[in-house]
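Asker: Pasting in a structure now, in structure tokens, and then I'll have a few things to ask.
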Amino acid sequence: MNNAVILNSINKSFGEAEYKNQVLFDINLNIPLGKINFIVGPSGCGKTTLISIIAGILNQDSGKVKLLDKDQKDLTEKAKSSFRKENIGFIFQQFNLVPTISVIENVAIPLLIQGKGFSEALKRASKILNKVGLKDKEKSLPKKSI
Ligand SMILES: Nc1ncnc2c1ncn2[C@@H]1O[C@H](COP(=O)(O)OP(=O)(O)O)[C@@H](O)[C@H]1O
Ligand SMILES: [Mg+2]
């Protein structure tokens, strides 16, 4: 397997009839494993739409999405959701952190959803925060740590 993401001929529109707005036109993209890619463009050009289709939280009108060698059309919504849980991470524009729990607990949430025990999840979250230089913010609430 050499590619993390392969897109073939992705099209996507919103709306119907005279209100139809085609946002993505025949998008082809290969993102090799281990490479960092940026999707750039002016506001409204379709970046979020494209990323949402790659992540399987939005369905394309046509075209094929293959992630880690898996054709996403072979997966049910439930399987897609499970694939996302195991393989995809998001940092949202609005962060979407839970404001009432600590930084370390926020980082641990996906691990808890994956079924890890609480102390194991906290241990791993702590390691990751340390790796990115945020160890001293572990106990802070997200707002305070910005
Ligand atoms: N759920 C939606 N319903 C209708 N139009 C949408 C929806 N999501 C995005 N759009 C439209 O699709 C276009 C691309 O939006 P988006 O992907 O959010 O762009 P970007 O992330 O590059 O700013 C915009 O014209 C936007 O108004
Ligand atoms: Mg956007």
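What follows is calculated from the coordinates using simple rules that are stated; it is not laboratory data. Given the structure is predicted, the values throughout are model-derived calculations rather than measurements. So basically every Cβ, Gly included, is an ideal-geometry build from the backbone, and we count neighbours across all protein chains shown.
Asker: For segment 3-76, what's the radius of gyration and Dmax over Cα atoms, in angstrom?
Answerer: 12.7, 42
Asker: I've got another one for you. Taking the Cα centre of segment 3-76 as origin, work out the dipole magnitude from +1 charges on Lys and Arg Cβ and -1 charges on Asp and Glu Cβ, in debye rounded to 20.
Answerer: In total the dipole reaches around 240 debye.
Asker: Calculate for the chain the 222 nm mean residue ellipticity that helices alone would give, adding -39,500 (n - 2.57) per DSSP H run of length 4 or more and normalising by residue count, nearest 500 deg cm²/dmol.
Answerer: -10000 deg cm²/dmol
Asker: Given Cβ point charges of +1 (Lys, Arg) and -1 (Asp, Glu) and nothing else, what value in debye, to the nearest 20, does the dipole of the chain about its Cα centre take? Intermediate values should be presented prior to the final figure.
Answerer: Details: 22 positive and 13 negative charges, 139 e Å.
Result for the chain is approximately 660 debye, rounded to the nearest 20.
Asker: Which residue fluctuates most in the GNM of the chain (Cα springs below 10 Å): Pro99, Pro42, Pro32?
Answerer: Most flexible of the set in this elastic network: Pro42.
Asker: Can I ask one more? Based only on Cα atoms, what Rg/Rh ratio does the chain have, Rh being taken as Kirkwood's radius?
Answerer: Rg/Rh for the chain comes to 1.03.
Asker: Moving to a separate point now. Using a cut-off of 12 Å between beta-carbons, work out the net charge of the residues near Ala4 (Lys and Arg +1, Asp and Glu -1, Ala4 not included).
Answerer: Net charge around Ala4: +2.
Asker: Let me know the volume per residue of the alpha-carbon convex hull for segment 103-145, in Å³.
Answerer: Dividing the Cα hull volume of segment 103-145 by its residue count gives 59 Å³.
Asker: Starting from the Cα of Glu77, step 7 Å toward the Cβ, then list every residue of segment 42-69 with an amide N under 12 Å from that point.
Answerer: 57-59, by backbone N distance to the label point.
Asker: Another question about this same structure. Subtract the Cα-Cα distance of Ile57 and Leu33 from 0.36 nm times their separation in residues, and report this length gain in nm to one decimal.
Answerer: 6.5 nm
Asker: Taking a threshold of 24 Å on the Cα-Cα distance, which of the pairs Lys35/Lys70; Lys35/Lys143; Lys12/Lys70 fall above it?
Answerer: Over 24 Å apart, Cα to Cα: Lys35/Lys143.
Asker: Taking each pair of different alpha-carbon atoms in segment 64-127 once, compute 1/r for the pair, average those values, and report the inverse of that mean as the Kirkwood hydrodynamic radius in Å to one decimal. Write down the numbers at each step before the final one.
Answerer: Details: mean 1/r = 0.0741 Å⁻¹.
Value: 13.5 Å, from the Cα pair sum.
Asker: Moving on to the next point. What whole number of Å gives the distance from the Cα centroid of segment 1-42 to the Cα centroid of segment 94-125?
Answerer: Cα centres, segment 94-125 to segment 1-42: 30 Å.
Asker: Take peptides 113-121, 134-142 and line them up by average Cβ neighbours within 10 Å, highest first, as a rough protection proxy.
Answerer: Ranked from most to least packed, the peptides come out as 134-142, 113-121.
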